[in-house]
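Just so you know, all these numbers are worked out from the coordinates, no wet-lab data involved. Treat the numbers as computed from the prediction; the structure is a model and nothing was measured. Counting neighbours? That spans all protein chains shown, and the Cβs are built from the backbone with ideal geometry, glycine included.
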Amino acid sequence: MRERLDALVAEMVDKGIRLDEAISEFERRFIKRVLERQQGKVGQAAEQLGIHRNSLSRKMSELEIVPRPARRA
């Protein structure tokens with residue numbers, strides 16, 4: 001995984017992507033993936049991320065992430 005990350009970072013640097021853009025995009029994708037795995041349950045996603053539910057809600061607002069509700073069987 002470290003090699004893939006190094007290659008991705010090198011590509012981003014070569015393309016002139018700014019640090020703030022890279023961090024925001026990483027956070028957005030990481031949080032969205034955890035939310036998907038927790039079926040949109042913010043409390044459980046926050047626990048998996050190791051942050052407080054309010055911190056996750058604030059970060060989701062900043063990054064304009066809307067959790068999808070869990071699908072019913």
I'd like the orientation of helix 53-62 relative to the chain: the angle between its Cα long axis and the longest Cα principal axis, in ° from 0 to 90, rounded to 10. 50 degrees
Restricting to Cα pairs under 8 Å and 6 or more apart, the percent relative contact order of the chain works out to 29 percent
Qualifying lysines (Cα of each under 28 Å from Cα of Lys15; at least 8 residues distant if same chain): Lys32, Lys59
Please state, to two decimals, what the Cα-based radius of gyration of the stretch 2-62 comes to when divided by 2.2 N^0.38 Å (N = residues). 1.31
Summed residue charge, Cβ within 10 Å of Ala45's Cβ, Lys/Arg positive, Asp/Glu negative: +3
Expressed in nm to one decimal, what extension gain is obtained for the pair Lys15 and Ser55 from 0.36 nm per residue of sequence separation less their Cα-Cα distance? 11.3 nm
Just grab the label-to-label distance for Glu64 and Ile23, each label 7 Å out from Cα along the Cβ direction, in nm (one decimal). 2.0 nm
Ranked list, fewest to most other Cβ atoms within 10 Å of each Cβ, for Arg18, Arg2: Arg2, Arg18
